[in-house]
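A quick write-up on the structure given underneath.
The values are calculated or read from the model by the stated rules, or taken from the named source; none is laboratory data. Worth saying up front: this structure is predicted, and the values here are computed from it rather than measured. Every residue, glycine as well, gets a Cβ built from its backbone with ideal geometry; the counts of neighbours run over all protein chains shown.
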Number of protein chains: 4
Amino acid sequence: MTSRQDGVWIGFDLGGTKMLASVFDSSFEVIGRSRRSTLNSVSPKKNLKRIVKTIDDALAEADLDRTMIRGIGIGCPGPVDMTTGMVHEAINLGWRDVPVGEWLAGKMDCPVLVVNDVDAGVYGEFRFGAARNSRCVVGIFPGTGIGGGCVYEGRILRGHGITCMEIGHFPIDPGAPARGNGRCHTLEHVSSRLSIAAAAAQSAYRGHAPHLAEHVGTEVATIRSGALRDSINSGDTVIEEIVREAAEWIGVAAAGVVHLLAPDTIVLGGGLVEAMPEIFLNAVSASCHKNLLESYRDTYQVVTAELGDDASVLGAAAWAETEIVNNTTQAA
Amino acid sequence: MTSRQDGVWIGFDLGGTKMLASVFDSSFEVIGRSRRSTLNSVSPKKNLKRIVKTIDDALAEADLDRTMIRGIGIGCPGPVDMTTGMVHEAINLGWRDVPVGEWLAGKMDCPVLVVNDVDAGVYGEFRFGAARNSRCVVGIFPGTGIGGGCVYEGRILRGHGITCMEIGHFPIDPGAPARGNGRCHTLEHVSSRLSIAAAAAQSAYRGHAPHLAEHVGTEVATIRSGALRDSINSGDTVIEEIVREAAEWIGVAAAGVVHLLAPDTIVLGGGLVEAMPEIFLNAVSASCHKNLLESYRDTYQVVTAELGDDASVLGAAAWAETEIVNNTTQAA
Amino acid sequence: MTSRQDGVWIGFDLGGTKMLASVFDSSFEVIGRSRRSTLNSVSPKKNLKRIVKTIDDALAEADLDRTMIRGIGIGCPGPVDMTTGMVHEAINLGWRDVPVGEWLAGKMDCPVLVVNDVDAGVYGEFRFGAARNSRCVVGIFPGTGIGGGCVYEGRILRGHGITCMEIGHFPIDPGAPARGNGRCHTLEHVSSRLSIAAAAAQSAYRGHAPHLAEHVGTEVATIRSGALRDSINSGDTVIEEIVREAAEWIGVAAAGVVHLLAPDTIVLGGGLVEAMPEIFLNAVSASCHKNLLESYRDTYQVVTAELGDDASVLGAAAWAETEIVNNTTQAA
Amino acid sequence: MTSRQDGVWIGFDLGGTKMLASVFDSSFEVIGRSRRSTLNSVSPKKNLKRIVKTIDDALAEADLDRTMIRGIGIGCPGPVDMTTGMVHEAINLGWRDVPVGEWLAGKMDCPVLVVNDVDAGVYGEFRFGAARNSRCVVGIFPGTGIGGGCVYEGRILRGHGITCMEIGHFPIDPGAPARGNGRCHTLEHVSSRLSIAAAAAQSAYRGHAPHLAEHVGTEVATIRSGALRDSINSGDTVIEEIVREAAEWIGVAAAGVVHLLAPDTIVLGGGLVEAMPEIFLNAVSASCHKNLLESYRDTYQVVTAELGDDASVLGAAAWAETEIVNNTTQAA
């Protein structure tokens, strides 16, 4: 007797360039899956309709229809209101105050839980991955920006009407140039993929990173995690220094977070970490340790994420399950 | 019929220079109180015995004996283990790993809850003061160092085996001189009373703060909150700038905390804030607001503490009550 | 009777992408001129021969031959030894310890003075441009990097065997990320064209600079001064903020230089300044003023360069004249 | 036949707490000397008269009268106008625009050269001490503040109407707290004796520097160079870290100065350096080296001053001699 007869949970990851739906049985095994590109420069409704289609396709792959859905968890970029299911602001999508949860619940006729995508990923690692059984886990995911999430005593840590753990906006050297962000210098100025790429482009332009210069060039958009890894492996030592330094500053912010939250587990994930796990694990660990009060130095572990791209869909679905089964949150 | 017949709660505040016991009836009205100096350079046992005497005196003032105690909450400096009642490290007391909870429970024959003193103060403000009804409150108390605490969904936020919210150790300009602390430059380097006093002493020495120079001098230990306030009120504008700047950097760290935790309420307290509430409220508010992402700017309030020195004893007692009545924590 | 009968002075500007020779009569009027591209990835000798050809072409344009040359001044990138005429290191040319002066003097049979190209430009402004009659002028030329030069009491300020005024390497926030430069964070990390372009590329990528994103993109090499100016003029306010902030930090470094050298005149030049003179003049002036001790605030003027691309050839030729006529330096 | 028959040179050092006159024969051997306290809170004229008396006493000790004086060189604190002999601002003396040169020349009926006291000290080291035969020497003298001076090709480097090399006001981490100085964070915020004392006082107060706490305390004014040295020698490792860190930041500023001026010699002097020469020599050298471009790393030496308190009087007298004999400056 398959566990699909108990109904299924849908996990959804809505990204700036692609969207992914997974159908999970009650043991959280994947039994259906579908993927679509996210459209740019269109009205929110166009993409909302694509979400529905993508879910339907994933269900079809599993030979199921909508009636079998027990709940949907959808991870969205930017701060969201988990209670109302509203996406406050998703810059890449051009969204502001889009009632994703309400709309989707109406269309699909089932409970929908909206979460921040990084929170979903951290929750996934907490339930099924590198942070299982942690009382408090903080996830740090350096990518284009730097996402963060926290699961505290089994639940996603959040504010009233807004998600949080925006570790990319941790003020890291507040008096340094803000580069037009209107606020202050933050961790993203140093350690995001975009910032690393910009520093790498300058080094390439100056002739200090010959491999990168030859094979990738000085276009910030194309200097992605894999390009950085290849450059380092080919001997561009200056790029290794840039990446290691960026990781060390993540460690400084991590020390700040340990002083504030004393997590058991810090999970590092995202594209940069996947491409260069050793550099990040070592540099973040060492820098975090060095910057901590003695009493906190043995209170936590730093690990790399285990679930990769599946973390968000798994986490979103599992979050929907726990909230709906326990009736903790009034789902949209 | 007085509520004391329901038994009483003891709140205790163990400071580096003095200790305070208060007896509360079930409505948390004070019905007895006692105070003693804390001894320096003595064995922990000597001060533990003084704690017992001070509690007995407070009970005597209320015409009660130990049998009426339903529970004791004791706020101690430094990181503590709230589960085992162990004080990890209290530098001013010269304590390291002192089992306060266990010892006191044995002596007094009642449940004892050990909390960090700043956590106790923030919990006090949450239950009875400036942060009533907040879903998430963060307290920032600049004093000799800078203490912090957080009450999240009704409970003190903490780590496994260790308290946290050590906002004084927030890395604020990590590359700046660490001044021998073995880690990095932190909020305490800029905004603690000690740091402000040191900056003020330099200004006085250089002749830029004539009132302070004349009436207080350049001794860091004697430049306390009141002295700073008087200097400002007498026209030492450079001291006002130093204090305002220190407050602004607290605002920067506060913005970091809002991005991480999205609290409803930030409570400012402690000696500096009590002496100069307007400077701190205005500068912290403005600086925090300026350094936040748009989406977070209207999600919280900044207030000053209402309970003054009573916050810790009230909070410790009320924490004991809630934990014991709800049996949430296994009290020592 | 034309002043060319007194013989002529050659000014030469050797850049990373192009080289320029000008023939000046004794009144420093241009009477011949020639230009060539600089070859990359070739032996130094190939480019040295191109230098000779370019000078010969310029002479031919003036209907003169080599016998009329009284002296050659050649501005070269990077630190040079003005006494021996050795170029220590010219990264863009791939040169290290190339004896330009000796070689050229042998070929052309006349005295050759080798100077740093920015020094030459500042000397040009001192003799003929915006800094005429200054007792001490400091030039700051933000470009790909940031060049500096100083003329002190009529002579180029320099070290023993090496030129100096490397203001781009002024340590501006030493604890901030060094980005793989092996030293510390410097003015070039904030205010060079390359650094501004990298910050602008990130803003464009994030969607905060729509005009730049659409018309130029996120390729660091193509975000040049004109592109930045156009972006600002088209309403990309975040780019304006980035540029202004970069200029303000130049002002901070300028304040440091005023405290050290107390120049009469600070000349701002180079591509960024030519494209956006008002932003630079205003922001550098204001920031420099703000960061100065009272006593130094009225001791200097900030001006923009007047001679544009001609500054270096003019300055190199005029330097050759003064040194040869006065026999101050033993020319190579 | 003694060289005193050629007339004598007077060197004078006007400090905030004491004044010193030395009579030198033409070989710059001391043949008379006198010392007096400097009065505080009196009119400039009172101290000017004490200067005259002190010189007369020194002459008397040498059995000479005023007619034998060939010239007086007087080193004064703060920026001075070397041409007019005006002291712009001497904070410790409460002086502003005092015409020392003119007044003293009138009283003593001889040429008087007014120089900045640190410039005088550096000139002394250049002529007779650790920097003999240097083409360009930069002196860095960390004391209550941090003084600097430069002798370039035999003459004191200076501005028009104002002395310079104010290295204490080098912007070292401009975005860090300015502590009420109205400008930005500078080298003096980190590395002056006053700043080190303030950091040390905080460590003592916190119990991290037990020897300093017991023997000196937390009074900034009394934590002088000798007290810091004794604390380090007695095992206060945190004080050693504070001092070493301060010295390293002097090295960062020194690297900035090398990039700007390329001196042959950097002389370290002043009370802190005299008390702890090894710490300063090693830390400044290492930090300066690390922060330099490769091309500059072998271009200079770092040395400690040799002349101690005599540097200023010697330098002032020798400067008077060279200027008067060469008639370079129109002496007051």
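In this structure, is A:Gly32 small (Gly, Ala, Ser) and free of Cβ contacts under 8 Å to residues at least 40 places away in the same chain?
On the way: small (Gly, Ala, Ser): yes; free of Cβ contacts under 8 Å to residues at least 40 places away in the same chain: yes.
It is true that A:Gly32 is small (Gly, Ala, Ser) and free of Cβ contacts under 8 Å to residues at least 40 places away in the same chain.
So which strands (runs of 3 or more DSSP E) stay within the range C:7-101 end to end and still have 2 or more residues that are of a type in the set (A, V, I, L, M) and under 24 Å from C:Ile324 (Cβ atoms)? Steps first, please.
Working: elements: C:8-14, C:18-24, C:30-37, C:69-76, C:86-90, C:95-98.
Ranges flagged: C:8-14, C:18-24, C:30-37, C:69-76, C:86-90.
Yes/no matrix, rows are residues, columns are (1) small (Gly, Ala, Ser); (2) within 22 Å of B:Gly143 (Cβ to Cβ):
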{"residue": "B:Leu48", "(1), (2)": "no, no"}
{"residue": "B:Ala62", "(1), (2)": "yes, no"}
{"residue": "B:Gly71", "(1), (2)": "yes, no"}
{"residue": "B:Met82", "(1), (2)": "no, yes"}
{"residue": "B:Gly85", "(1), (2)": "yes, no"}
{"residue": "B:Asn92", "(1), (2)": "no, yes"}
{"residue": "B:Pro99", "(1), (2)": "no, no"}
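Give the residue that is nearest to the other protein chains (Cβ to nearest Cβ), with candidates limited to residues of the range B:224-239 that are farther than 24 Å from B:Ile172 by Cα and of a type in the set (A, V, I, L, M). Give the derivation first.
Keep residues of the range B:224-239 that are farther than 24 Å from B:Ile172 by Cα, which gives B:226-227, B:229-237.
Cutting the leftovers down to of a type in the set (A, V, I, L, M) gives us B:227, B:232.
Working: B:Ala227: 14, B:Ile232: 11 Å.
Across the range B:224-239, the extreme among qualifying residues is B:Ile232.
Every residue in the range B:83-126 that is among the β-branched types (Val, Ile, Thr) and modelled with pLDDT of 95 or more, please. Write out each step before concluding.
Applying the first criterion (among the β-branched types (Val, Ile, Thr)) to the range B:83-126 yields B:83-84, B:87, B:91, B:98, B:100, B:112, B:114-115, B:118, B:122.
Selection gives B:Thr83, B:Thr84, B:Val87, B:Val98, B:Val100, B:Val112, B:Val114, B:Val115, B:Val118, B:Val122.
Taking the criterion of being touching an Asp or Glu at 6+ places or on another chain (Cβ under 7 Å), closer than 29 Å to C:Val151 by Cα and either without any contact (Cβ under 8 Å) to a residue 12 or more places away in the chain or hydroxyl-bearing (Ser, Thr, Tyr) (or both), would at least one residue in the range D:146-159 satisfy it? Even if it seems obvious, please write down each step before you answer.
Residues of the range D:146-159 that are touching an Asp or Glu at 6+ places or on another chain (Cβ under 7 Å), as a first pass: D:146, D:148-149, D:156.
Next, only the ones that are closer than 29 Å to C:Val151 by Cα stay: D:146, D:148-149, D:156.
Then drop every residue that is not either without any contact (Cβ under 8 Å) to a residue 12 or more places away in the chain or hydroxyl-bearing (Ser, Thr, Tyr) (or both), which leaves none.
No, there is no match, as no residue in the range D:146-159 is touching an Asp or Glu at 6+ places or on another chain (Cβ under 7 Å), closer than 29 Å to C:Val151 by Cα and either without any contact (Cβ under 8 Å) to a residue 12 or more places away in the chain or hydroxyl-bearing (Ser, Thr, Tyr) (or both).
Restricted to the range B:74-97, and to residues that are β-branched (Val, Ile, Thr) and under 18 Å from the mean Cα position of the chain (by Cα), which residue is surrounded by the fewest Cβ atoms within 10 Å (Cβ to Cβ)?
Step one: of the range B:74-97, the residues β-branched (Val, Ile, Thr) are B:74, B:80, B:83-84, B:87, B:91.
Checking which are under 18 Å from the mean Cα position of the chain (by Cα) leaves us with B:74, B:80, B:87, B:91.
Working: B:Ile74: 31, B:Val80: 28, B:Val87: 24, B:Ile91: 14.
That would be B:Ile91.
What are the pairs with Cβ atoms under 8 angstrom where one residue, in the range D:240-269, is without any contact (Cβ under 8 Å) to a residue 12 or more places away in the chain and within 12 Å of chain C (Cβ to nearest Cβ) and the other, located anywhere, is of a type in the set (A, V, I, L, M) and outside any helix (DSSP H, G or I)? Sequence gap at least six, or different chains.
Correct list of pairs: D:Leu260/C:Met165.
Only one of these conditions is not met by D:Ser295: (1) facing another protein chain (nearest Cβ under 10 Å); (2) modelled with pLDDT of 95 or more. Which number is it?
So the condition that D:Ser295 fails would be (2).
Kindly evaluate D:Ala253 against the criterion of being among the small types (Gly, Ala, Ser), at pLDDT 95 or above, under 25 Å from C:Glu248 (Cβ atoms) and touching a helix residue (DSSP H, G or I) at 6+ places or on another chain (Cβ under 8 Å). So that I can check it myself, show each step before the final result.
Numbers: among the small types (Gly, Ala, Ser): yes; at pLDDT 95 or above: yes; under 25 Å from C:Glu248 (Cβ atoms): yes; touching a helix residue (DSSP H, G or I) at 6+ places or on another chain (Cβ under 8 Å): yes.
Judged against the criteria, D:Ala253 is a match.
Please state which of the following conditions C:Val52 fails to meet, knowing it meets all the rest: (1) of a type in the set (A, V, I, L, M, F, W, C); (2) buried (at least 17 other Cβ atoms within 10 Å of the Cβ); (3) in contact with a Lys or Arg (Cβ under 8 Å, 6 or more places away or on another chain).
Among (1) of a type in the set (A, V, I, L, M, F, W, C); (2) buried (at least 17 other Cβ atoms within 10 Å of the Cβ); (3) in contact with a Lys or Arg (Cβ under 8 Å, 6 or more places away or on another chain), the lone unmet condition for C:Val52 is (2).
With the structure loaded, tell me whether D:Asp173 is without any contact (Cβ under 8 Å) to a residue 24 or more places away in the chain and assigned to a strand (DSSP E or B) or whether it fails that test.
Details: without any contact (Cβ under 8 Å) to a residue 24 or more places away in the chain: yes; assigned to a strand (DSSP E or B): no.
In short, no.
Got a number for residues in the range A:262-287 being farther than 20 Å from A:Ala311 by Cβ and of a type in the set (A, V, I, L, M, F, W, C)?
4
Does D:Ile279 satisfy being within 14 Å of chain C (Cβ to nearest Cβ) and not in a loop (DSSP other than H, G, I, E, B)? Quick ask: steps written out before the conclusion?
Values: within 14 Å of chain C (Cβ to nearest Cβ): no; not in a loop (DSSP other than H, G, I, E, B): yes.
It is false that D:Ile279 is within 14 Å of chain C (Cβ to nearest Cβ) and not in a loop (DSSP other than H, G, I, E, B).
Which of the residues belonging to the range B:120-140 are surrounded by fewer than 22 Cβ atoms within 10 Å (Cβ to Cβ), within 12 Å of chain A (Cβ to nearest Cβ) and more than 14 Å from B:Thr299 (Cα to Cα)?
Correct list: B:Asn133 only.
What's the number of the condition B:Gly168 fails, among (1) assigned to a helix (DSSP H, G or I); (2) facing another protein chain (nearest Cβ under 8 Å)?
Going through the list (1) assigned to a helix (DSSP H, G or I); (2) facing another protein chain (nearest Cβ under 8 Å), B:Gly168 breaks only (2).
Going by the structure shown, is D:Gly235 in a helix (DSSP H, G or I) and either farther than 21 Å from D:Ser191 by Cβ or of a type in the set (D, E, K, R) (or both)? So that I can check it myself, show each step before the final result.
Details: in a helix (DSSP H, G or I): no; either farther than 21 Å from D:Ser191 by Cβ or of a type in the set (D, E, K, R) (or both): yes.
So D:Gly235 fails the test.
Across the range D:191-220, what is the total count of residues that are part of a loop (DSSP other than H, G, I, E, B), in contact (Cβ under 8 Å) with a residue 12 or more places away in the chain, at the interface with another protein chain (Cβ under 8 Å from one of its Cβ atoms) and not polar (S, T, N, Q)?
Of all residues in the range D:191-220, those part of a loop (DSSP other than H, G, I, E, B) come to D:192, D:206-209, D:216-218.
Imposing the further condition that a residue be in contact (Cβ under 8 Å) with a residue 12 or more places away in the chain reduces the set to D:192, D:208-209, D:216-218.
Subset that is at the interface with another protein chain (Cβ under 8 Å from one of its Cβ atoms): D:208, D:217-218.
Among the residues that remain, those that are also not polar (S, T, N, Q) are: D:208, D:217.
Residues that pass the stated criteria total 2.
Looking at this structure, is A:Arg158 surrounded by 22 or more Cβ atoms within 10 Å (Cβ to Cβ) and of a type in the set (Lys, Arg)?
Working: surrounded by 22 or more Cβ atoms within 10 Å (Cβ to Cβ): yes; of a type in the set (Lys, Arg): yes.
So A:Arg158 fits the description; yes.
May I ask you to say which residue of C:Gly180, C:Gly139 is without any contact (Cβ under 8 Å) to a residue 40 or more places away in the chain and within 30 Å of A:Ala204 (Cα to Cα)?
Values: C:Gly139 fails: without any contact (Cβ under 8 Å) to a residue 40 or more places away in the chain.
On inspection, the qualifying residue turns out to be C:Gly180.
Give the residues of the range D:52-99 that are within 14 Å of another protein chain (Cβ to nearest Cβ) and among the charged types (D, E, K, R), sorted by residue number.
D:Asp81, D:Glu89, D:Arg96, D:Asp97
Is one or more of the residues making up the range D:100-108 within 14 Å of another protein chain (Cβ to nearest Cβ), closer than 30 Å to B:Tyr205 by Cβ and surrounded by 21 or more Cβ atoms within 10 Å (Cβ to Cβ)? Steps first, please.
Taking the range D:100-108 as the starting set, the residues that turn out to be within 14 Å of another protein chain (Cβ to nearest Cβ) are none.
No, because not a single residue in the range D:100-108 is within 14 Å of another protein chain (Cβ to nearest Cβ), closer than 30 Å to B:Tyr205 by Cβ and surrounded by 21 or more Cβ atoms within 10 Å (Cβ to Cβ).
Do we find a residue being in contact (Cβ under 8 Å) with a residue 40 or more places away in the chain, within 14 Å of chain C (Cβ to nearest Cβ), surrounded by 16 or more Cβ atoms within 10 Å (Cβ to Cβ) and among the β-branched types (Val, Ile, Thr) anywhere in the range D:308-329?
Within the range D:308-329 (the criterion being in contact (Cβ under 8 Å) with a residue 40 or more places away in the chain, within 14 Å of chain C (Cβ to nearest Cβ), surrounded by 16 or more Cβ atoms within 10 Å (Cβ to Cβ) and among the β-branched types (Val, Ile, Thr)), the answer is yes, since at least one residue qualifies.
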